[in-house]
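Notes follow once the structure below has been shown.
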Amino acid sequence: MSSDRAMIEVRNLTVDYIGENSVARAVNGIDFDIREGEAFGLAGESGCGKSTVAFALARLTRLPGLVSGGQVRLNGEDVLNFDKARLKAYRWNEVSFVFQSAMNALNPVIPVSEQIMDVIQTHKPELGQQGARERAVELFELVGIPPRRLDDFPHQFSGGMRQRICIAIALALNPKLIIMDEPTTALDVVVQRDIIEQIVELKSRLGFSVLFITHDLGLMIEFCDRIGVMYSGELVEVAPAESILTNPQHPYTRALGNSFPPLTGPRVRLEGIAGTPPDLRALPQGCRFAPRCPHAMDQCRVQPPELRYYPQHRSEAACHLLN
Ligand code: SF4
């Protein structure tokens with residue numbers, strides 16, 4: 001159950017990729033909050049900036065990427081200005097991560113127990129070897145893996161189990177926020193569903209928030225409380241998850257929803273989104289979606305729309321059609 005209190009506030013976040021002769025603005029001044037206990041999803045086509053936002057929140061942006069503006073506040077503290085010591089406490093203690101490739105995330109030549117205990121002991125040395133081992137046992141139980149398997153190597157586990165181990169590591173220090181970037185993409189649909197159900201159960205039991213990124217809009221709607229839809233580095237709509245399909249306000253959100261097959265109800269014709277997202281180094285002057293939008297007007301081609309809140313829909317959207 002999420003509260004209305006913002007835990008992470010993102011304001012005017014801007015991230016650039018610096019090339020030899022050009023700068024591509026991958027994230028262009030976006031604003032959103034993640035509330036306590038909330039699962040917040042970021043949706044959009046590949047290259048729209050979702051993972052770039054996640055990396056910026058975790059302070060993992062590396063050159064040629066550069067966070068060139070804005071603020072990320074954790075309970076009021078300015079994350080982008082944390083010094084080294086504060087950053088060490090921030091990572092894993094307050095914010096942890098589960099990425100797509102569990103196979104690559106775990107070191108193949110080190111038993112899993114050591115990998116979990118390493119995270120615990122680095123951040124909580126006071127627990128000692130014994131305390132870290134006990135916590136590792138608890139974490140295995142939490143994610144449904146028998147603790148007798150703790151000293152096995154990663155290759156001795158299935159893909160789904162390896163991803164559960166990554167979730168266990170992410171939970172090791174009871175973080176407030178877990179960033180999950182395509183956490184189930186490499187898994188088959190049955191395992192994917194098991195893992196998502198387990199994350200939902202752990203979230204409601206432990207109360208952490210989640211930033212969830214996936215290209216699977218159906219999965220995201222099922223799992224998330226609210227969803228931000230990104231297009232070409234900007235948020236074009238932020239709405240309760242159920243509204244994304246049933247009451248989308250932005251033409252891109254509608255088009256995105258129409259690109260996915262419904263799991264229930266009558267069969268419908270799927271419509272793709274014609275065209276491709278714009279080159280970030282040569283963006284259109286007005287609305288970035290205008291070249292692909294069936295409703296584009298003259299105003300759209302010269303004036304970028306602003307993200308505004310529409311209380312009647314409980315959503316924010318950036319589109320001139322709504323004004
Ligand atoms: Fe389409 Fe104009 Fe709305 Fe952009 S602002 S999504 S071009 S109607």
Check: What is the sum of charges around D83, taking Lys and Arg as +1, Asp and Glu as -1, for the other residues whose C-beta is under 12 Å from the C-beta of D83?
Finding: +2
Checklist line | Among beta bridges that DSSP assigns inside segment 114-256, antiparallel share in %, nearest 5 | finding: 55 percent
Next item on the list: Could you size up the charge dipole of the chain around its Cα centre, putting +1 on the beta carbon of Lys and Arg and -1 on that of Asp and Glu, and report it in debye to the nearest 20?
Entry: 200 debye
Note to self: Leaving out ligands and nucleic acids, and using a 1.4 Å probe, what accessible area per residue does segment 1-155 come to in Å²?
What the structure shows: 49 Å²
Next item on the list: Provide Rg and Dmax in Å for segment 74-146, with only Cα atoms included in the calculation.
Entry: 14.3, 41
Margin query: If I take every Cα pair under 8 Å that is 6 or more residues apart in the chain, average their sequence separation and divide by the length, what percent do I get for the relative contact order?
Written below: 19 percent
Margin query: Normalised radius of gyration for the chain, please: alpha carbon Rg relative to 2.2 N^0.38 Å, two decimal places.
Written below: 1.04
Check: Of the accessible area of segment 163-250, with the probe set at 1.4 angstrom, what percent is carbon plus sulfur?
Finding: 52 percent
Notebook entry, point to check: If you wrap a convex hull around the Cα atoms of segment 114-166, how much volume per residue is inside, in Å³?
Noted result: 69 Å³
Item checked: Local electrostatic count at R35 - Lys and Arg +1, Asp and Glu -1, tallied over other residues with Cβ under 9 Å -> -3
Note to self: Tell me the Rg and the Dmax, in Å, that the Cα atoms of segment 34-123 produce.
What the structure shows: 15.1, 41
Next item on the list: Would you work out which of P284, L66, P175 lies farthest towards the positive end of the dipole of the chain, given +1 charges on the beta-carbon of Lys and Arg and -1 on that of Asp and Glu, about the Cα centre?
Entry: P284
Check: Taking a threshold of 21 Å on the Cα-Cα distance, which of the pairs K50/K124; K84/K124; K84/K203; K88/K203; K88/K124 fall above it?
Finding: K50/K124; K84/K203; K88/K203
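The values are calculated or read from the model by the stated rules, or taken from the named source; none is laboratory data. Everything numeric here is computed off the predicted structure, so don't read it as measured data. Cβ atoms come from the backbone with ideal geometry, glycine included; neighbour counts cover every protein chain shown. Accessible surface is based on the protein model in full, side chains and every heavy atom, while ligands, DNA and RNA are left aside. Shrake-Rupley method; radii C 1.70, N 1.55, O 1.52, S 1.80 Å.
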